[in-house]
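**Q** Encoded as structure tokens, here's the structure I'll be asking about.
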Amino acid sequence: MEPIETFRKDFPILSQRVNGYPLVYFDNAATTQKPRQVIDALSNFFLSSNANVHRGLHELSNRATELLEESRQKIAHFIHAQGPEEIVFTKGTTESLNLVASSLGSLLKPAEGILLTEMEHHSNLIPWQQLAKQRGLRLFYLPIKDKEGGLQMEKLEEIFTHNRIAVFSFTHVSNTLGVINPVESLCSIARKHGVISVVDAAQSAGHRLIDVQKIGCDFLAFSGHKMCGPTGIGVLYGKKEWLEKIPPYQFGGNMVLEADFSDSRWKDPPHKFEAGTLPIAEAIGLKAAIDYLCQIGLDKIALHDEQIGSYAYSKISSLPCIIPLGPKGRRAGIVSFSIKGLHPHDFISFCDRYGIALRGGHHCNKPLLSKLGIDSTVRASFYFYNTQNEVDQFMEIAEKCLRFFKLPCN
Ligand code: PMP
């Protein structure tokens, strides 16, 4: 099989020049680029099948409904869910996690605890924080060991044993540290203590194989746009028995079985969580993205992510003035670092002049960065279409930047 970076030809956007230089797109943790196959799926839908789903009795509506439900089926298969009824369409990871926090949260009892880790994205932190405030619940954090980001696993049993933890919600892959958490062990320890597990797979879906049954989680959330799909579409996986038990998140059209002036009854899951018109074209685009990724192979994509992540980490760490974050060993394709004496934004603007797209800031990980004593970092994040050659080009510019700013440690 061909090297996976040869799939670049499917991404028209990548062949452009930016500021006179070939684009080097290293901002994939924020959003990935879209292959022609996904763009075509979206435009074909609008060109030939656009209609609202479920309610129509006409041909186009039936066609749109069929395409949407095919997408749900494909997603179920992609993450090894037991069936499409375990797949709820949302607008992204953030909405999926808000849905769980709100709906599952309404079943929690005062003084019960929610456990998060110290590396959670604001999307997996703030919904739980708000819930805890509103319902008198207690929040706990599983600490990281150091700036490499390994979790203090030995504390997990202790936290579960001594506190009435009801829910453990954590990220599979950290969007700042690039650390890959031992998701199966975390869920299995939670299960042993009767704790419900929620996995934020925003940075892992489409980057590595996701098997919800093997992982053993109760809920799992991800976004289409971080895995070659469109923006505006996300997924919440929930075990069937949980989706049956928890109440709807929003109310309105499509989710109602019966309604009169005094009361209403809901459809079965997943539809009871899908009030209003869904992002139909986007869901169909997500199916095309999954087909595309599966054709490459998730195992190959994961290996490429880990190899390019490790290569970039070792190169970046060898530069003067750089403080790298995240694991020295196995890691995802996300490398963050700070620079002694230089603000990340100066570094990123310098690189942008040479066509290199990076991201800087707190990456919606403010509490984590405060704990590490850092305000913001530069983040380079990769996908299968990035090459080692691009990392080498980036390194040349990074060295030029450090010389340009005449940093004292240089
Ligand atoms: N969790 C993690 C780990 C993320 O990296 C992100 C996106 N940066 C999110 C949640 C939120 O995803 P979205 O903005 O697509 O809802």
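The values are calculated or read from the model by the stated rules, or taken from the named source; none is laboratory data. Note that the coordinates shown come from a computational prediction; the quantities given were computed from them, not determined experimentally. A quick note on method: Cβ atoms are made from the backbone with ideal geometry, for glycine too, and the neighbour counts reach across all protein chains shown. Note: areas computed on protein heavy atoms with side chains; ligands, DNA, RNA excluded. Shrake-Rupley method; radii C 1.70, N 1.55, O 1.52, S 1.80 Å.
**Q** Quick one: Thr117 ticks every box in (1) surrounded by fewer than 21 Cβ atoms within 10 Å (Cβ to Cβ); (2) in contact (Cβ under 8 Å) with a residue 40 or more places away in the chain bar one, so which box is it?
**A** Exception for Thr117: condition (1).
**Q** Of the residues Phe384, Phe394, which single one is out of contact with any Pro (no Cβ under 8 Å at 6 or more places or on another chain), open to solvent by less than 10 Å² (accessible area, probe 1.4 Å), farther than 26 Å from Thr171 by Cα and outside any strand (DSSP E or B)? I'd like the intermediate steps shown before the answer.
**A** Numbers: Phe384 fails: farther than 26 Å from Thr171 by Cα.
Unique residue meeting the criteria: Phe394.
**Q** Scan the stretch 247-266 and tell me whether some residue there is open to solvent by 30 Å² or more (accessible area, probe 1.4 Å) and in a helix (DSSP H, G or I).
**A** No: zero hits.
**Q** Another one. Taking Gln33 as meeting all but one of (1) open to solvent by 70 Å² or more (accessible area, probe 1.4 Å); (2) assigned to a loop (DSSP other than H, G, I, E, B), write down the number of the exception.
**A** Unmet for Gln33, out of (1) open to solvent by 70 Å² or more (accessible area, probe 1.4 Å); (2) assigned to a loop (DSSP other than H, G, I, E, B): (1).
**Q** Got at least one residue in the stretch 126-133 being in contact with an Asp or Glu (Cβ under 8 Å, 6 or more places away or on another chain) and among the polar types (S, T, N, Q)?
**A** So in the stretch 126-133, the residues in contact with an Asp or Glu (Cβ under 8 Å, 6 or more places away or on another chain) come out as none.
No, there is no match, as no residue in the stretch 126-133 is in contact with an Asp or Glu (Cβ under 8 Å, 6 or more places away or on another chain) and among the polar types (S, T, N, Q).
**Q** Quick test of your reading of the structure: Ile75 fulfils all but one of (1) away from the ligand (no atom under 15 Å from the Cβ); (2) out of contact with any Pro (no Cβ under 9 Å at 6 or more places or on another chain); (3) β-branched (Val, Ile, Thr); (4) open to solvent by less than 60 Å² (accessible area, probe 1.4 Å). Name the failing condition by number.
**A** Among (1) away from the ligand (no atom under 15 Å from the Cβ); (2) out of contact with any Pro (no Cβ under 9 Å at 6 or more places or on another chain); (3) β-branched (Val, Ile, Thr); (4) open to solvent by less than 60 Å² (accessible area, probe 1.4 Å), Ile75 violates only (2).
**Q** Report, by residue number, each residue of the stretch 148-198 that is β-branched (Val, Ile, Thr) and closer than 17 Å to Gly113 by Cβ. Break it down into steps so the answer makes sense when it comes.
**A** Kept after step one, since they are β-branched (Val, Ile, Thr), are these residues of the stretch 148-198: 159, 161, 165, 167, 171, 173, 176, 179-180, 183, 189, 195-196, 198.
Listed by number, the residues that qualify are Ile159, Thr161, Ile165, Val167, Ile189, Val195, Ile196, Val198.
**Q** What residue, of Leu107, Leu116, Leu142, Leu99, is more than 27 Å from Ile233 (Cα to Cα), modelled with pLDDT of 95 or more and in the same structural domain as Cys228 (by the TED database)? Lay out the reasoning, then the answer.
**A** Working: Leu107 fails: more than 27 Å from Ile233 (Cα to Cα); Leu116 fails: more than 27 Å from Ile233 (Cα to Cα); Leu99 fails: more than 27 Å from Ile233 (Cα to Cα).
The unique qualifying residue is Leu142.
**Q** While we're looking at this one, here's another question. Mind listing whichever residues of the stretch 10-30 are away from the ligand (no atom under 16 Å from the Cβ) and assigned to a loop (DSSP other than H, G, I, E, B)?
**A** Phe11, Gln16, Asn19, Gly20, Leu23
**Q** So if I check each of Ser314, Ser310, Ser336, which one is touching a residue at least 12 places away in the same chain (Cβ under 8 Å), under 26 Å from the mean Cα position of the chain (by Cα), open to solvent by 40 Å² or more (accessible area, probe 1.4 Å) and at negative phi? Outline the logic, then answer.
**A** Numbers: Ser314 fails: touching a residue at least 12 places away in the same chain (Cβ under 8 Å); Ser336 fails: open to solvent by 40 Å² or more (accessible area, probe 1.4 Å).
On inspection, the qualifying residue turns out to be Ser310.
**Q** Sticking with this structure for a sec: Please determine whether any residue of the stretch 126-135 is open to solvent by less than 40 Å² (accessible area, probe 1.4 Å), among the polar types (S, T, N, Q) and not assigned by the TED database to the domain that holds Ile374.
**A** no
**Q** Kindly establish whether Gly361 is open to solvent by 40 Å² or more (accessible area, probe 1.4 Å) and on the phi > 0 side of the Ramachandran plot. I'd like the intermediate steps shown before the answer.
**A** On the way: open to solvent by 40 Å² or more (accessible area, probe 1.4 Å): no; on the phi > 0 side of the Ramachandran plot: yes.
Considered against the rule, which asks whether it is open to solvent by 40 Å² or more (accessible area, probe 1.4 Å) and on the phi > 0 side of the Ramachandran plot, Gly361 comes out as no.
**Q** Next up: If you go through the stretch 37-57 one residue at a time, do you hit one that is closer than 30 Å to Thr387 by Cβ, open to solvent by 60 Å² or more (accessible area, probe 1.4 Å), in a loop (DSSP other than H, G, I, E, B) and at pLDDT below 95?
**A** no
**Q** Conditions first: (1) away from the ligand (no atom under 16 Å from the Cβ); (2) out of contact with any His (no Cβ under 7 Å at 6 or more places or on another chain); (3) touching a residue at least 12 places away in the same chain (Cβ under 8 Å). Ala259 passes all but one, so which condition is the exception?
**A** Every listed condition holds for Ala259 apart from (3).
**Q** Could you look through the stretch 219-244, keep only residues that are open to solvent by less than 10 Å² (accessible area, probe 1.4 Å) and more than 19 Å from Leu293 (Cβ to Cβ), and pick out the one that is farthest from the ligand (Cβ to nearest atom)?
**A** The selected residue is Leu243.
**Q** Condition check: free of Cβ contacts under 8 Å to residues at least 40 places away in the same chain, of a type in the set (Asp, Glu) and in a helix (DSSP H, G or I). Does Glu241 satisfy that? Working first, answer last.
**A** Details: free of Cβ contacts under 8 Å to residues at least 40 places away in the same chain: yes; of a type in the set (Asp, Glu): yes; in a helix (DSSP H, G or I): yes.
Answer is yes for this residue.
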